Structures are given as C-alpha cells and as structure tokens.
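The values are calculated or read from the model by the stated rules, or taken from the named source; none is laboratory data. Everything numeric here is computed off the predicted structure, so don't read it as measured data. Here Cβ is always computed from backbone atoms with ideal geometry, including for glycine, and neighbour counts include all displayed protein chains. We work out accessible area using only protein heavy atoms, side chains counted, and drop any ligands, DNA or RNA first. Shrake-Rupley method; radii C 1.70, N 1.55, O 1.52, S 1.80 Å.
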Amino acid sequence: MKPLILIFASIFLIGFYTGCNPKQPNVLFFFADDQRADALGCSGNPYIKTPHIDKLAETGIRFSNTYVMGGHHGAICAPSRAMLMSGKSLFHVYDVLDGVKTMPMHFAESGYETFGTGKWHNEKSAFEASFQHGENVFLGGMSDHFQTPVRNLGEDGKLSEPELKGFSTDLFADAAMNFIQDYAKGSRENPFFCYVSFTAPHDPRSPREDHIGMYHDETMPLPGNFMDLHPFEFDNLNIRDETLGPWPRTPEMIKASLADYYALVTHIDERIGEIISQLEESGLFENTIIVYAADNGLAVGSHGLLGKQNLYEHSTKVPFIISGPGIPKNKVTDALVYLFDIYPTLAQLCGLPEPEGIDGVNLNPIISGEKDNVREALYTAYRNTARAVRTTDGWKFISYPRRNYNQLFHLKNDPLELNNLAENPQYQNKLDEMKTLLEEWHQATNDTATLYPATFLPLDYDYTKLKQTPDWHQPEYVLERYFRKQ
C-alpha cells in the first residue's frame, strides 16, 4: 500500500495537469496589429498615452528586444501569428496552422476554457480547432475599422457567416468583456485562456470619431531615422503598405500618420483598462497572467518606408509584456526573444506539460532572474529578399543577396540604423564574422532561399514610377486626409 503522502501527491499532479487545480492562473492575451515596439509610454515614448499598458509593465516584465522572425510574403501578420500560435519558427510553419497543434489547443488539453476574439489571419478551420468559444472573430488581414466583418463560434464548433458591425477595437474588447462576465458568473471550475487580437493600429489610419485630433499633427516628432525616400531598392517598394503615402515622403504626411496611429493605440489602451477593471471587479485579476504583444512593427516614415516589409528594427521589433502572479514587478530585460517563445513560456507559468515539436524557447529562466539570455543571436527574414542576424552585444548584419548589398550596424551606438559600417575597412573582420553567423542561422533554420544568387538586380530605382493607390478598405476620412490632398 502506497504511503498516504504519495497518494495525495498523485492526486495533486493529476488535478494540476487536468485543470482542476484552482490555483492555476488564467491567461488574458492582448495582441495588437502592426504596433512598433516604441509606440508605448513604457518604452520611453513621451508623445503617446498608454497608461494601462504602462501599468502592466510596472507590475510585470517588459522584453525590450522581442522580434517577429519575418515572413515569406508581404502580409507579415499571417506568418507572425502562425509562429505565435504554433511555437514554431518561420520555415517550419510559414502561415499554415491547419493540422498544427496550437497554443490554445494545448491549454484546452490541460483543462483550460479557451476563448478567442478579433483578428485571425490564418485558416478558418484552425480557429475552430483552437478555441471552444469565440465572439466577434475577424478572418482576414485588414478591414475598414468602422465596418468590421465578424463571426461567432457556434455550439457546433463552427464560425458563422460574417456580419458587418461597428468599430473593430470596441467589438473585440466588448467580446472579451462578455466572456469574462459569463465566466465570472459560472462555476470557475477551470481556468481560462482568453485571446484578444486587435486589428489596430493596422491601417486604415482612421481612429474612432472621438479620438480624431487626440494627438495634433504638429506636435508629433519625426522619427530620428526619417527619410523622404529609401536610399536603394531591395524589393517591391510599391507593395500596399508603402502606397499609403506619396513619394517622396513628406514631414507633414508622416506627422499626420503618427497622430492617427497613436490615437488607435491609445484607444486600445483605454479598452484594455476597462477589461482589466472587469477582471478586478470579478475577483479574477489576482490570479490572471496578462500578456501584451504585437505581431510586427511598422516603419511610419523611418528609412523612407511606411510598412513592415523590411528587416530594420522599427519593423521587426515588437512590444512584449507579461504581468501577473509569479512575475517580478517593474523588470526590463534586453534578452533577444522571438514572439514564438511566448507559447512554451506561458505553458510553464501555468503548470502545463512542456509543448512538443516546437522551436520556441522557454523564457522563465529570464523571468526568474536565473539567466540573462536564452540565445546569443537571432535571425530574421523577408521573402527571398533580405536576411539579417543580430547579436546580444548589439551587432546587426542585413544581407540583400539579390542586390549583392550588405549593411552592418552597431545598434548600441547606432540604434536608428543610420551608419552602415559594411564598407568601412576598419570593420572587415566584424563583417566577415557576421556573414558567417548569418550562414549558420540560414542552415540551422532550414531557410530555403539562396544567399548567393548567380545574378544581381540593381539598387537604383525611379520613385516617380511608384503609384499611390488606395485599396477598398480605406474609409472617407483616410481618402481625404492621405490621398486626395496629396
């Protein structure tokens, strides 16, 4: 007969991994769309108001060097979200989640009640397989924020036909609050995993009416690496993100874009504050881990670009904050992390079995202070066009194989990536070292693009041949402000 202590231990472990342990924390995951890492007050930006997200950073840990690995096409959001949900790197998942075990599936298997709302830029069937509940779910990459086509997850586990409703940020925040309210009224027997995926501040840059003018154009500072044109062609510079403004870029247009962009972020922050207040009123806050992150960054005038289809810091680096039980307060780490590290990190924080077959690295040794880093370098990619590697000591190398062109930056001295050291003979050894490191990552990640093509394309381009054309998602406010006045 087993000693009683072993019997009780067995009962505890069974309960722990089936979700019956009442002390397992809930998870509330906020995910923004196209938000630069520096578009938060807590990142040192004095021009934007994000008090509720800043509070999460004060009561938790902020990862200041978080990256999306990149994408194999211009819609970076899709592979980024697939990587987040699968814990896999770009070349092991791309943007396909059908048949892949996702993070919410893993939580559900361990007894969690799962809910999703907002943007799902992957297969419809993958959402249906991932969540038990869903309200105001948007399938796609973008929409008019005022006319968002959303669906609900029925009792049959299938998403309904889309219905056009109101402002995107409010639709998704309201759905999350509905879920929390219903959960609080229920048995609370199992913890919850609630995923709230905003489509803001992705364009159209059209804030809700009462947020227009919240930030005045003239008060917006230009990015420190603002340029009127990108200095060379490295891919299609007429891709849709880049058509949101004319060429050359003007200070007036970039300031206007930032004013609207910041208003969209502040609106998200306000609604996050309301959701957290509801957690507190429901007695759920103290046992809920809250995550804030985004799928990719954005140029908004940096380097003469507007979008995320490049490998500069402004477009590959994203915000990432974790706050809640067991998380140290007011901690900032500069460890190099990927978005897809979040999956195994949350799994351990919630006492779940370690996910299998993933590439993400558990960040809990950093959270606990046991380690300063979990990797010495990381690798990013854009289409077959650009590859980059950066190291913990601040060196970054970007290769444009099809153009036979390289950039070398020392981010500690040059965080805005303005001083290319690649052609400076003084840094030849460092350049060779970074090239070798990039080749090693290229092989280790199963990247299929060639680093050494047989022929090269020119760097020069004629910006007068680039055309600014609005897509059908742009509302009247955007057409008047950014297209007709140009």
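Inter-part distance, the range 87-147 to the range 181-229, computed on C-alpha centroids, equals 19 Å.
Hand me the chymotrypsin sites (Phe, Trp or Tyr not before Pro) from the range 412-483 located in a DSSP loop with no more than 11 other Cβ atoms within 10 Å, in residue order please. Taking the range 412-483 and a limit of 11 other Cβ atoms within 10 Å, the loop chymotrypsin sites (Phe, Trp or Tyr not before Pro) found are Trp472. Helical runs (DSSP H, four residues minimum) scored at -39500 (n - 2.57) apiece and divided by the length of the chain put the mean residue ellipticity at 222 nm at -8500 deg cm²/dmol. For the range 318-402, the relative contact order works out to 22 percent when only alpha carbon pairs closer than 8 Å and six or more residues apart are counted. Label zone (Glu233, point 7 Å along Cα-to-C-beta; backbone nitrogen cut-off 11 Å) within the range 444-486: 457-466. With R₀ fixed at 51 Å, the C-beta to C-beta distance from Gln348 to Tyr47 puts the FRET efficiency at about 0.90.
Short-range pairs are left out: with C-alpha atoms under 8 Å and at least six residues apart, the relative contact order of the chain is 22 percent. Note on the range 384-486: Lys pairs 8 or more places apart or on different chains, Cα atoms under 29 Å apart, count 7.
Taking packing as the residue-averaged number of other Cβ atoms within 10 angstrom, the listed peptides 234-240, 132-138, 66-72 run from highest to lowest as 66-72, 132-138, 234-240.
With N counted as the residues of the chain, its alpha-carbon radius of gyration over 2.2 N^0.38 Å works out to 0.98.
In this calculation the C-beta distance from Ser282 to Asn330 is compared with R0 = 22 Å, giving a FRET efficiency of 0.30. Normalised by 2.2 N^0.38 Å, where N is the number of residues, the C-alpha radius of gyration of the range 299-371 stands at 1.35.
Over the range 356-486, what relative contact order in percent results from Cα pairs under 8 Å that are six or more residues apart? It rounds to 16 percent for the range 356-486. Projected label points at Tyr463 and Glu423, each 7 Å from Cα along the beta carbon direction, are separated by 1.9 nanometres.
Taking all protein chains together, Ser160, Ser187, Ser302 sort by accessible area into Ser187, Ser160, Ser302, largest first [probe 1.4 Å]. Taking only pairs that are 8 or more places apart or on different chains, how many Lys pairs in the range 238-386 have Cα atoms under 24 angstrom apart? Pairs that pass both the separation and distance tests number 8. Overall, the accessible surface of the range 332-486 at a probe of 1.4 angstrom is composed of carbon and sulfur to the extent of 47 percent. Calculate how large, on average over all directions, the projected area of the Cα convex hull of the range 227-377 is; give the answer in nm² to one decimal. Average projection, Cα convex hull of the range 227-377: 11.8 nm². Of the peptides 257-264, 78-85, the order by per-residue mean of other Cβ atoms within 10 Å, starting with the highest, comes out as 78-85, 257-264.
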